[in-house]
Amino acid sequence: MRVLMLGYDYPPSGSGAAHATSSLAEALARQGVAVDVVTSGAHAVSDATRDAGGADEAAVSVHRVPVVRRADGRLGVRGAAGYLASAMPVVRRLLRERQYDAVHVAFAPPAAGLLPLLDLGGAAVVLSLRGEDVPGAVQPAAGHVGPLLHPVVRWIWRRADRLVVPSNHVGRAVLRLDPGLRYAVVPGGVDPTCFRPRGALRRVPDGVVRCLAVARLVPHNGLDDLLDAVALLDRRRYQLEIVGAGPHEAALRERMRRLGLESRVRLTGWLDRPQLARRYREGDLFTLAPRVESLGGSFLEALASGLPIVGSTAGDLPEIVGHGRHGVLVPPARPHELAQAIERLADDPRRRAEMSRRNRAEAVEKYAWTRLASRYLALYQGARRSAPNRSAVTELPAGSW
């Protein structure tokens, strides 16, 4: 089987969508699938084909097209337009040269905009939605722009032979926009060989509880609330490390200064995967209470690392983190309740040990990329049987508005 995967973000970018795309591509290759990825980069390049340990044709080839990103690393309108313009000739060339069984849009914006303009032949179209690309799934659409785009969004979704969402929460948002649409739920994944627990529950002489948060430094991730919560805890007992970068860093550092947390909280910046995995193994609790959430990638990494979790009830997190089973969930923007939840788990090492074992076991069973790749393979094969021949379409049908 051969799959063409489209998505603007791919490692070495540190975003969750980037690592999800690369992890799925490599897991598919290990199962004998040849994968071509068209993504963005600082300049145009086609990476050498990487053998993934299967048959000769089972490999991942990455084709990067140049885009201009915003200062915060996001694509923005200019970058999205640049990706579409740069990716179009590369994708058309690949479609001419190779026969694909499936075209998988791994992250809808902006790659899904290519679909109406391509002659896909008999290739099945699989479209993965992540949450933030579904109006109303993460936060209400701003102003009047969202409703104006809804007909276009629905039309693109309906061009897919299989629509995939990461959670029932996102699925419900899809149905609010298009009640007749069908979708499959395939959660995000994690590499349990990279993210794994330490050998035993850590015991240190000074009794310090090491809390870890991994997130982009943006307001909706609730890091302000986490700092306020830590300020309420025993200053001699709790330390917090925040791994991530983003435009909210200066504001967070100022808040740390005002709360007197500079000696107890460390902002680390982005780390590579081995360094990040080590931070999870060194932690006692994963603590992050976002105000909105869709993918939950860092929560999956925490589960695989055997960390008990203190999180929020935002978005689809309750589908990943069972309250009382994998950790404790509190409503977002409630620093006092967040502090109490951290303290309760810190004071109960037996409960934390039980959660640690359960979190690791369930992460391997439900979220390992090897298992998820098998589910995608079944989706590709099912979609392929019903996929029509598609010629390029240059404009929306008149009745779509």
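Just so you know, all these numbers are worked out from the coordinates, no wet-lab data involved. Because the structure is a prediction, the values reported are computed rather than measured. As a convention, Cβ positions derive from the backbone with ideal geometry for all residues, glycine included, and neighbour counts pool all protein chains shown.
State the Cα centre-to-centre distance between the stretch 247-292 and the stretch 2-35 in whole Å. Using only Cα atoms to place each centre, the spacing works out to 27 Å. The stretch between Asp348 and Ser263, if pulled fully straight at 0.36 nm per residue, gains 28.1 nm over its current Cα-Cα span. At full extension, Arg371 and Arg358 could sit 2.9 nm farther apart than now, given 0.36 nm per residue minus the alpha carbon distance. Taken over the Cα atoms of the stretch 209-367, the convex hull encloses 96 Å³ per residue. Taken over the stretch 151-230, the ratio of Cα radius of gyration to 2.2 N^0.38 Å equals 1.74. In the chain, the DSSP beta bridges split such that about 10 percent are antiparallel, to the nearest 5. The value of relative contact order for the stretch 209-367, using C-alpha pairs under 8 Å at least six residues apart, is 25 percent. Based on the reciprocal of the average 1/r between different C-alpha atoms, the Kirkwood radius for the chain equals 22.1 Å. Here the simple spin-label model places points 7 Å from the Cα toward Cβ, and for Arg182 and Arg96 these points are separated by 3.6 nm.
The calculated FRET efficiency for the pair Arg236 and Val77, based on their C-beta separation and a Förster distance of 60 Å, comes to about 0.75.
Dividing the mean sequence gap of close Cα pairs (under 8 Å, 6+ apart) by how many residues the stretch 187-285 holds gives a relative contact order of 39 percent. Each distinct pair of alpha carbons in the stretch 264-306 adds a 1/r term; the inverse of their mean, the Kirkwood radius, is 11.6 Å.
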